[in-house]
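Notes for the one structure printed next.
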Amino acid sequence: MECCWKVTDPLQATLCTALNHIGPLLASSLIDENTGFNLADSSLYLIKAIDLNPKICIVSSCGGHLTEVRTLRPAYSHYEHFYVINEKILLPDDMQNKTYFIRHSERDLLFLLNLWEAWRVLRKERPTIILSTGAGPLVPFAIIGKFLRIPTVFIESITRVNRPSLTGRIMNHLADRVLYQWPSLARSFPRGVCGGPIV
């Protein structure tokens, strides 16, 4: 299977040939308020979607997942974006004033609080798309994103070579697009696309 990160445009490199994978997601949920024209009905919807300047919600747990998703900055830094992380940490300058902190849930009742936090953040910010390399904080955001018609793109962690993570197994059903970094995960993600290592 061909890997799709190795292209020149940074948005394509990050979001796996953006015109093929992200464009339809952006277009399918967007209707022009003035004309009522649904971009998804147009044969030009891929081009139109890229012109819409998407707003990206980047959800991550702290540590390696945050480091990994931030390697994608060349792709999303020139678009409006914000972060959601599950631990209060010292933030680099580019994350200042655009980061939400949510409670750290470890598959416990705090998950319900995370659902409420996801609802509040997504309703306030109204992103066009949710992007994440994991882990746990993504699940409540993907669930609420479904209700609000906000598509989710999940990139399985580079540390997962032979078996998907728990988040990956959940996102296989929840995410609108699943990307993985090692061809050996192809059987685990039948709807996914191999992008090759991003780090």
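Nothing in this text is a laboratory measurement; each read-out follows from the coordinates by a stated rule. Note that the structure is a prediction, hence the values are computed from the model and not measured. Don't worry about glycine lacking a Cβ; one is built from the backbone with ideal geometry, like all the others, and counts go over all protein chains shown.
Structure values in brief
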read-out	value
Enumeration of residues in the range 65-97 that are aliphatic (A, V, I, L, M) and closer than 24 Å to Leu166 by Cα	Leu66, Val69, Leu72, Val84, Ile85
Within the range 49-69, considering residues that are hydroxyl-bearing (Ser, Thr, Tyr) and in contact with an Asp or Glu (Cβ under 9 Å, 6 or more places away or on another chain), the one surrounded by the most Cβ atoms within 10 Å (Cβ to Cβ)	Ser60
Selection within the range 161-176 - assigned to a helix (DSSP H, G or I) and more than 16 Å from Ile130 (Cα to Cα)	Leu166, Arg169
Unique match (being under 16 Å from Phe82 (Cβ atoms), assigned to a loop (DSSP other than H, G, I, E, B) and out of contact with any Phe, Trp or Tyr (no Cβ under 7 Å at 6 or more places or on another chain)) among Ile150, Ile158	Ile150
Of the criteria (1) touching a Pro at 6+ places or on another chain (Cβ under 9 Å); (2) not in a helix (DSSP H, G or I), which one Gly136 fails	(1)
Residue in the range 104-115 that is within 13 Å of Ser60 (Cβ to Cβ) and more than 13 Å from the chain's Cα centre (by Cα) present	yes
Hits in the range 153-167 (condition: of a type outside the set (S, T, N, Q) and surrounded by 21 or more Cβ atoms within 10 Å (Cβ to Cβ))	Val153, Phe154, Ile155, Glu156
Matching entry among Pro164, Pro197 (being in contact (Cβ under 8 Å) with a residue 12 or more places away in the chain, within 19 Å of Leu138 (Cα to Cα) and not aliphatic (A, V, I, L, M))	Pro164
Residues within the range 70-120 that are in contact with an Asp or Glu (Cβ under 9 Å, 6 or more places away or on another chain) and acidic (Asp, Glu), tallied	0
Among the candidates Leu66, Leu122, Leu112, Leu91, residue that is aliphatic (A, V, I, L, M), free of Cβ contacts under 8 Å to residues at least 12 places away in the same chain and in a helix (DSSP H, G or I)	Leu112
